[in-house]
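**Student:** The structure's right below; bear with me while I get my questions together.
The values are calculated or read from the model by the stated rules, or taken from the named source; none is laboratory data. It should be emphasised that the depicted structure is a prediction, and the values quoted were computed from it without experimental measurement. A quick note on method: Cβ atoms are made from the backbone with ideal geometry, for glycine too, and the neighbour counts reach across all protein chains shown. Note: accessible area is taken over every heavy atom of the protein model, side chains too, but ligands, DNA and RNA are not part of it. Shrake-Rupley method; radii C 1.70, N 1.55, O 1.52, S 1.80 Å.
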Amino acid sequence: MTRDEFPGWHGTTIIGVKKDGEVVIAGDGQVSLGQTVIKGTARKVRRLSPGGFDVVAGFAGSTADAFTLLERLEAKLEATPGQLARASVELAKDWRTDKYLQKLEAMLIVTDGTELLIITGAGDVLEPEHNVAAIGSGGNYALAAARGMMDSDRNAETVARDAMAIASDICVYTNGNLTVEKISK
């Protein structure tokens, strides 16, 4: 089967919500191959503690690629403890310029409880507007839903969970089996 014939892996919606001093990253558990659900309980949100500083990361894209990037991010954080933005920029620079890393197909949302960032293979480190970030197949649905709830009295976790519920109702590559990690400063 050639790359053009391969139906492609789909799956994952990751959302990050920053509100009232806490940041939540939530991700669904679905992995699909073409039109078939391969797994419904994947865990795509992780807590890292490099150098004693907690960081939460969620990933969309190839799992092996994402784990490679998470390992690299952890190494960058160990070299610059407590400096998430700096470590993220260093990772993005490596990802953009290293011939091996350029082939990786994943995106990350990361937070240390203060900053909320999206890291892409195009060399981008983005701090989202409106304190909501979303990536993956259902990312735009979750993003729109969360932004509509940000002025409500819901806390960050409730906004993230409710936005993911809406995304899972709309996107066939997103399910309601969530992994949620909360961090506050």
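**Student:** Being without any contact (Cβ under 8 Å) to a residue 60 or more places away in the chain and within 19 Å of V23 (Cβ to Cβ) is the filter here, so list the residues in region 60-80 that pass it.
**Tutor:** The answer is L70, L73, E74, L77.
**Student:** If you don't mind, another one. Tell me yes or no: at least one residue of region 47-54 is farther than 19 Å from T13 by Cα, in a strand (DSSP E or B) and either among the acidic types (D, E) or open to solvent by less than 70 Å² (accessible area, probe 1.4 Å) (or both).
**Tutor:** Yes; the residues of region 47-54 include at least one that is farther than 19 Å from T13 by Cα, in a strand (DSSP E or B) and either among the acidic types (D, E) or open to solvent by less than 70 Å² (accessible area, probe 1.4 Å) (or both).
**Student:** Does region 37-85 hold any residues that are β-branched (V, I, T) and either under 16 Å from K185 (Cβ atoms) or in contact with a His (Cβ under 6 Å, 6 or more places away or on another chain) (or both), and which are they? Walk me through how you get there before you give the answer.
**Tutor:** Residues of region 37-85 β-branched (V, I, T): 37-38, 41, 45, 55-56, 63, 68, 80.
Answer for region 37-85, where residues must be β-branched (V, I, T) and either under 16 Å from K185 (Cβ atoms) or in contact with a His (Cβ under 6 Å, 6 or more places away or on another chain) (or both): V55, V56.
**Student:** Can you name the number of the only condition in (1) outside any helix (DSSP H, G or I); (2) farther than 17 Å from A57 by Cα that A133 fails?
**Tutor:** In the conditions (1) outside any helix (DSSP H, G or I); (2) farther than 17 Å from A57 by Cα, A133 misses (2) alone.
**Student:** So V45 fits all but one of (1) within 23 Å of N131 (Cα to Cα); (2) touching a Lys or Arg at 6+ places or on another chain (Cβ under 7 Å); (3) among the hydrophobic types (A, V, I, L, M, F, W, C); what number is the exception?
**Tutor:** Result: V45 fails condition (2) only.
**Student:** Taking Y141 as the residue in question, decide whether it is assigned to a loop (DSSP other than H, G, I, E, B) and aromatic (F, W, Y).
**Tutor:** No: the conditions fail for Y141.
**Student:** Could you tell me whether any residue of region 147-162 is part of a strand (DSSP E or B) and surrounded by 19 or more Cβ atoms within 10 Å (Cβ to Cβ)? Reasoning before the result, please.
**Tutor:** Taking region 147-162 and keeping what is part of a strand (DSSP E or B), we get none.
Looking through region 147-162, none of the residues is part of a strand (DSSP E or B) and surrounded by 19 or more Cβ atoms within 10 Å (Cβ to Cβ).
**Student:** Identify all residues within region 14-38 that are at pLDDT below 95 and assigned to a strand (DSSP E or B); write none if there are none.
**Tutor:** V31, S32, L33, T36, V37, I38
**Student:** Could you tell me which residue of region 69-106 is least open to solvent (accessible area, probe 1.4 Å), considering only residues that are part of a helix (DSSP H, G or I) and basic (K, R)?
**Tutor:** Step by step, filter region 69-106, then rank; the result is K76.
**Student:** Return the residue satisfying two criteria in turn: it lies in region 119-145 and is β-branched (V, I, T) and open to solvent by less than 20 Å² (accessible area, probe 1.4 Å), and of such residues it is farthest from I183 (Cα to Cα). Outline the logic, then answer.
**Tutor:** Kept after step one, since they are β-branched (V, I, T), are these residues of region 119-145: 119-120, 125, 132, 135.
If we keep only those that are open to solvent by less than 20 Å² (accessible area, probe 1.4 Å) as well, we get 119-120, 132, 135.
Values: I119: 19, T120: 22, V132: 15, I135: 19 Å.
Among them, the one singled out is T120.
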